[in-house]
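Q: What follows is a structure written as structure tokens; I'll ask about it next.
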Amino acid sequence: MRYTQELKHRYYTILAYVGFIFILNAFVLLLPLTALLWIPGEIGLSAGFLIPCALSAVAGLLFWKVFRPRAYTTLSVQEGGVIVLISWLGIFAFSTIPFIIISRLTFTQAVFEVVSGWTTTGLSVIDVTVTPKCILLFRSIIQLFGGAGFAIIMLAWISGPVGPGHSIAEGKSEQLAPHVKESAKLVMMIYTGYAIAGSIAYILAGMSTFDAINHAFAAISTGGFSTKPDSIGAWNSVSVESVSIVLMILGNLNFLTAYILLRGKLRLLLRNGEIHVMALLLPLGMAIIFFEVSSLLYEPLGKAVRVAVFETVSSLTTTGFSTVGYKEWNALGFIVLISLMLIGGGTCSTAGGIKQFRIHLLAKALWWELKRFFLPRTAVMETYIWQGENKEFITDRRIREIAVFIFLYCATFVIGSAIVAYYGYSLRDSLFEFASALGTVGLSVGITSPDAPVLVLWAEIVGMFLGRFEFFVIIISAVKLFKDILDIAR
Amino acid sequence: MKKYKRLYIIIVGCGRLGAYLANRFSHAGHSVVVIDQDMESFEKLSFHFSGFKMEGDATEVQVLKQAKIKNADLLLATTEHDNINLMVAQVGKKIFNVPRVMARVYIPDREDIYRELDIETICPTTIVGDLVADMYAASFFDDNLEEGTS
Amino acid sequence: MNEILIVGGGKIVYFLTRMFIAKGSRVTIINKDKAECTRLARALKATVVYGDGSDPVILEEAGAGAVDTIIAMTPNDQDNLVICQLAIMRFSVPRSLALVSDPDNEVVFHELGISAFSTTRIISNIIEQKAGFEEIANLIPVGEGKVTLAEVILDETSPVIGKSLREIDMPYQSLIGYVLRGEKPIVPRGDTVLNAGDRLIVIALPDQYGQVISLLTRSS
């Protein structure tokens, strides 16, 4: 009995913070109305945003006022996870409203688009040629905020009873500075800098201002939504593609790595494991695709090179911009892209996938195993990797955690691909599309569309959600939430 | 309205006192770096701690430099070993000009020397000892009075 | 009679004490380990005090107030620092010396007012420079490591045999301080000619040291 009392109080605090996030979310819902600057005519659609904005604000204020803890309460990591879960579900719910009202999507389609946006995937079920600018801007904005880990930044900022351990709950724990607020501030600054620089770069490369802003947001968040159905391919421009490549790579860099880069300490970057992985995989991927795929499909040779380079970067960084369709690609090309999508981008960045760091660590672990055979039997070998400026000694436990994660990832990949294949799609298409969803990439062979089977869309939705939050937070928080609800209801 | 300033604090030694101070300062919004030779000692840091943790021997100048001691506003030496605390405090104060430096010293006799060197020290032995002695000195007096009147 | 107080233990302290005693000094040793104290006490004609040398009470008991020299040779730099500081400030010991393991601490200690030497630096100097230079003996860093002193023996293959000092192109801040010929020490002048078998006392900056040695011993 007392336990339930206590549990209720904990949930009051949890809901209070969820409320706070809803209030902030209300502002995000208002931002797309700046599209009215371009198309004042769309003002008639503004209700589509004002309604959810109001709902979010009201719900938020209600939660905050009613549940606001009078006394100082500290929350645990698990409770932080529950806040993350509930907040995101709420944010998704509010965000579907504009799509349902304005674009008249079905519930499934709206949820899909919304989740694809917030998880910075980029797969889409809408026809951008008939979509109002405010909706397009909305999609890009939610990718921008989703990439930054909206919830975590805000909570780190207030850094009240939910301490910085919360960032671990979101799967992002990076220390740029010796205090979480400072780190959060730096991350925001870097991110904002990217957004502004990216927009300007795109304008200079020849895009309209509206397109430039949208694509800059989508690029640095490694999201991949585009205002054109052919994505970046619509411009067929070397400069646009180059700007994209730079932004995609920047977006997929671990924020700590980016910070080191911006401070000019290039020497440290040379030791960085993720940089090694990129330095190996990108050229390799580009070479294979160029020689075996694009040079056979595209004319002239320059175009073939561009395609090889662009598609490789887009898949590894899990952005999802594309310059071509994949229908004519051969199996080898598919294997390369799928592998890159599974491997993914840097940890503690906006990218998805298994993450380069884990791949790097396992590769290193393999190397250490081999080395061990050549050392004297009683020799002690301390295994480390470089993290920024410091050595981090790797324990068996760390390797175990990574191995388990990769197992979970692969299992989910197989199950998800199976669900897609069940509806009659080919092997290569199913694997491709689901890898894209799970890795929050956004490249598509065409399976994802407004009339895709509902279950396929839901499988992808679950894949995107689990992939973005790296499984454990969601699963553990969901289980906890479920158990707690049962306990309280009893 | 008091103006809040974020300080850069280095704490050497993540024992009970060090961890307590680290948690408290980090939670209050300051930038904290904790140095300790034993990785496991960092487990004493709470959920609220968002500073840097450095594994190393603070009697090595390299380690202090890596912790960016030049930028420190406050240096607290709280290891279990007086001598380490005293050395770190002096290096911090005299060599790196950290504005405020404090060393915990268990052996009371050593304190005076360090006062002379202008190092702030805190001696749990004397502080607690004096506190306890005062507590009982007071009650000792009351008993006496009672006896006197009876 | 020289009164010396050493804080520390192990073989080095043992042999050092033996040397001091042989030269007529009186030595007291402070050590934290009971078994080590017993060993030292049995092997040496020195007073051995059991305790923590960085504790003023122990230092007092060991007679720090009356010694001429204190050498802090514990394995921990921080202990050696405190020992020497206490010796100077509390006990006014005229000469104190601290051993440091971390070569960077040599400078740190000096800035804090304590003379220190780093065995690490000495050993590394020897290894670095002794390799290949069999003619070199007794490499000593002096002046807080800012200057190096060494003894170089000229054998027949030395390129400077038969040359006068003036003719030898020594690097700017180095010099040949003394020439030992047979039994005679010669203070060299510009016109002093070097012979095979001469032992030169060379004074140089550590980073020019290699150059100087090459000059004196390698035939080009």
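Throughout, read-outs are computed from the coordinates displayed, never taken from laboratory work. It should be emphasised that the depicted structure is a prediction, and the values quoted were computed from it without experimental measurement. We place every Cβ from the backbone using ideal geometry, glycine too, and count neighbours over all the protein chains shown.
Q: With equal scatterers on the alpha carbons only and no solvent term, can you work out the Debye log10 of I(q)/I(0) for the protein assembly as shown at 0.08, 0.09, 0.10 1/Å?
A: -0.88, -0.99, -1.10
Q: Distances over 31 Å make up what percent of all Cα-Cα pairs in chain A?
A: 43
Q: While we're looking at this one, here's another question. Hey, what's the Cα Rg ratio for the range C:3-118 versus the globular rule of thumb, 2.2 N^0.38 Å?
A: Ratio of Rg to 2.2 N^0.38 Å for the range C:3-118: 0.97.
Q: If a paramagnetic tag sat 7 Å from the Cα of residue C:169 along the Cα-Cβ line, which residues of the range C:183-220 would have the backbone N under 18 Å from that point?
A: The answer is C:208-220, whose backbone nitrogens lie closer than 18 Å to the label point.
Q: Here's something else I'd like to know. How charged is the neighbourhood of residue A:19? Take every other residue with its Cβ under 10 Å from the Cβ of residue A:19, and add Lys/Arg as +1 and Asp/Glu as -1.
A: Net local charge, residue A:19 excluded: +2.
Q: If the cut-off is 25 Å between C-alpha atoms, which lysines fall inside it for residue A:327, apart from same-chain ones fewer than 8 positions away?
A: Straight-distance partners of residue A:327: A:228, A:303.
Q: Can you give the Kirkwood hydrodynamic radius for the range A:336-402, in Å, rounded to one decimal and based on Cα pairs?
A: With all distinct Cα pairs of the range A:336-402 included, I get 13.5 Å.
Q: If I model a spin label as a point 7 Å beyond the Cα along the Cα-Cβ vector, how far apart are those points for residue A:449 and residue A:330 in nm?
A: 2.7
Q: A further question follows. Name the residues whose placed amide hydrogens come within less than 5 Å of the amide hydrogen of residue C:116, ignoring near sequence neighbours (fewer than 5 apart) on the same chain.
A: C:98
Q: Determine which residues of the range A:337-366 fall in the zone a paramagnetic label at residue A:401 would reach in this model, i.e. backbone nitrogen under 17 Å from the point 7 Å along Cα→Cβ.
A: Once the point is set 7 Å along Cα→Cβ of residue A:401, A:347-349, A:354-363, A:365 turn out to lie under 17 Å by backbone N, inside the range A:337-366.
Q: Please quote Rg/Rh for the range A:1-92 to two decimal places, taking the Kirkwood radius as Rh and restricting both calculations to Cα atoms.
A: 1.14
Q: Report Rg(Cα)/(2.2 N^0.38 Å) for chain C, keeping two decimals.
A: With N residues counted in chain C, Rg over 2.2 N^0.38 Å equals 1.24.
Q: Here's a follow-up. So if each residue of separation counts as 0.36 nm, and I subtract the Cα-Cα distance between residue A:89 and residue A:299, what length gain in nm does that give?
A: 71.0 nm
Q: Mind putting together the pair-distance distribution for the range A:375-452? All Cα pairs, 10 Å bins, whole percent per bin, short to long.
A: P(r) for the range A:375-452, in whole percents per bin: 16, 30, 19, 17, 13, 3, 0.
Q: If you scale each eigenvalue of the Cα gyration tensor by 5 and take the root, what three semi-axes come out for chain B, rounded to whole angstrom and sorted largest first?
A: 35, 19, 15
Q: I would also like to ask the following. Under the definition of Cα pairs under 8 Å and six or more residues apart, what whole-number percent is the relative contact order of chain C?
A: 13
Q: If you take the beta carbon distance between residue A:386 and residue B:42 as r and set R0 to 22 Å, what does 1/(1 + (r/R0)^6) give as a FRET efficiency, to the nearest 0.05?
A: Rounded to the nearest 0.05, the efficiency is 0.70.
Q: Along its three principal axes, how long is the range A:174-310 when you only count alpha carbons? Whole Å, largest extent first please.
A: Each principal axis gives a Cα extent; for the range A:174-310 these are 52, 36, 21 Å.
Q: Run the quick spin-label model on residue C:68 and residue A:480: label points 7 Å from Cα toward the beta carbon, then report their separation in nm to one decimal.
A: Label at residue C:68, label at residue A:480, 7.2 nm between them.
Q: Hey, can you rank A:354-360, A:374-380, B:8-14, B:42-48 by average C-beta count inside 10 Å, highest first?
A: B:8-14, A:354-360, B:42-48, A:374-380
Q: Provide the net charge surrounding residue B:23, with neighbours chosen by a C-beta distance below 13 Å and charges set as Lys +1, Arg +1, Asp -1, Glu -1.
A: +3
Q: For chain B, what does the relative contact order come out to in percent, with C-alpha contacts under 8 Å and a separation of six or more?
A: 18
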